[in-house]
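This report concerns only the one structure given below.
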Amino acid sequence: MKLSPSDLRLYAITDRRALPAGVTLAQAVEAALDGGVTCLQLREKEASAGEILALARTLLPLCRARRVPLLINDRVDIALAAGAGGVHLGQDDLPLPDARALLGPDRILGATAHTVEEALRAQAEGADYLGVGAMFPTGTKTDTVPTSADTLKAICAAVSIPVVAIGGVNAQNLPTLAGTGIAGAAVVSAIFSQSDLTAAARTLRTAADLAAR
């Protein structure tokens, strides 16, 4: 599928551990989509391959109904088996050229970058978009070194593919990234740990729309 910058405006990344009590992942995703999420990444680090595949097959119809891409974190094999829109790969995952060869030209390939050099290499190796960060302190990944707004801006200026800010992003700090050139923001707990997921997504979508102008 073709990817436009607006598809990345509000990029939600799942984490079942963050969900309010009694809420299933499918219910949470549906609520987040109702609030304006434009791209969804299935990232469940503690789940088995079989669980992730089952979750992907559950979430895919919800995403397709709203024309929202469903991406799988790390696992090209699961993305292909589920018929998902693509994958997102980190620096230590499958090399991008190999992932692209497996995915073919039509599925989305996202990559993580922390520097201009990494960003340019990922673009050259076939990435369709970049996730850059962590921009702010985050409990999701405790071993990350914060990325400065200046570095984010430099990456956005250096590449021609869309860039998403990730890591500790919430409705309060997202406005500080305005003017950097981002296509959007990726969030986890700012949506999935909230009691009203639809309202949280709606607030973030407004902030992301403003920051990406």
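Loop only per DSSP, at most 15 neighbouring Cβ atoms within 10 Å: give me the GluC sites (Glu not before Pro) in the stretch 40-80, ordered by residue number. Please report the intermediate quantities before stating the final value.
Working: sites: 44, 46, 51; in loops: 44, 46.
Here the sparse-neighbourhood loop sites are 46.
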(request) Return one quarter of the surface area of the convex hull spanned by the alpha-carbon atoms of the stretch 164-213, equal to its mean projected area, in nm². (result) 2.9 nm²
(message) Within the chain, what whole-number % of the accessible surface is contributed by carbon and sulfur, with the 1.4 Å probe and all protein chains included in the calculation?
(response) 51 percent
(request) Treating each Cα of the stretch 1-78 as an identical point scatterer and ignoring solvent, apply the Debye formula and state log10 I(q)/I(0) at q = 0.24, 0.26, 0.27 Å⁻¹. (result) -1.24, -1.41, -1.49
(request) With volume of the Cα convex hull per residue in Å³ in mind, check (1) 106; (2) 210; (3) 118 and report the label derived from this structure. (result) (1)
(request) Determine the principal axes of the Cα atoms in the stretch 94-201, then give the extent along each, sorted from largest to smallest and rounded to whole angstroms. (result) 41, 28, 25
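Grab the eigenvalues of the alpha-carbon gyration tensor for the stretch 64-151, scale each by 5, take roots, and send me the semi-axes largest first in whole angstrom.
Details: eigenvalues 110, 49, 28 Å².
Semi-axes, largest first: 24, 16, 12 Å.
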(message) Test of understanding: in a Gaussian network model of the chain with alpha carbons linked when under 10 Å, which of 174, 71, 130 would top the mean-square fluctuation ranking?
(response) 174
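For residue 65 and residue 148, calculate 0.36 nm times their separation in residues minus their Cα-Cα distance, and state this gained length in nm to one decimal.
Details: separation 83, 0.36 × 83 = 29.88 nm, distance 3.66 nm.
Fully extending the segment from residue 65 to residue 148 adds 26.2 nm.
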(message) Quick one: 3J(HN,Hα) in Hz for the stretch 2-8, Karplus 6.51/-1.76/1.60 with θ = phi - 60°, rounded, Gly and Pro as x.
(response) 6, 10, 10, x, 5, 5, 9
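Which whole-number percentage describes the relative contact order of the stretch 1-111, with Cα contacts under 8 Å and a sequence gap of 6 or more? All intermediate terms of the calculation are to be shown ahead of the outcome.
Details: 157 pairs, mean separation 26.7, N = 111.
Once normalised by length, the contact order is 24 percent.
Could you work out the relative contact order of the chain, using alpha carbon pairs under 8 angstrom and six or more residues apart, expressed as a whole percent? All intermediate terms of the calculation are to be shown ahead of the outcome.
Details: 432 pairs, mean separation 52.5, N = 213.
RCO, the chain: 25 percent.
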(message) Rounded to whole Å, give me the distance from the Cα center of the stretch 22-70 to that of the stretch 144-165.
(response) 26 Å
(request) Quote the relative contact order of the stretch 52-148 in percent (integer), defining contacts as alpha-carbon pairs under 8 Å separated by 6+ residues. (result) 18 percent
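May I ask you to list the trypsin sites (Lys or Arg not before Pro) in the stretch 56-163 that are in a DSSP loop and have at most 15 other Cβ atoms within 10 Å of their Cβ? Walk me through the numbers on the way to the answer.
Details: sites: 57, 64, 66, 67, 75, 100, 107, 121, 141, 153; in loops: 66, 67, 75, 107, 141.
Those satisfying the criteria are 66, 67, 141.
The values are calculated or read from the model by the stated rules, or taken from the named source; none is laboratory data. Predicted model, so just to flag it, every value in this text is computed and none were measured. Ideal geometry is used to build each Cβ from the backbone, glycine not excepted, and the neighbour counts take in all protein chains shown. Please note that ligands, DNA and RNA were not included when accessible areas were found on the heavy atoms of the full protein model with its side chains. Shrake-Rupley method; radii C 1.70, N 1.55, O 1.52, S 1.80 Å.
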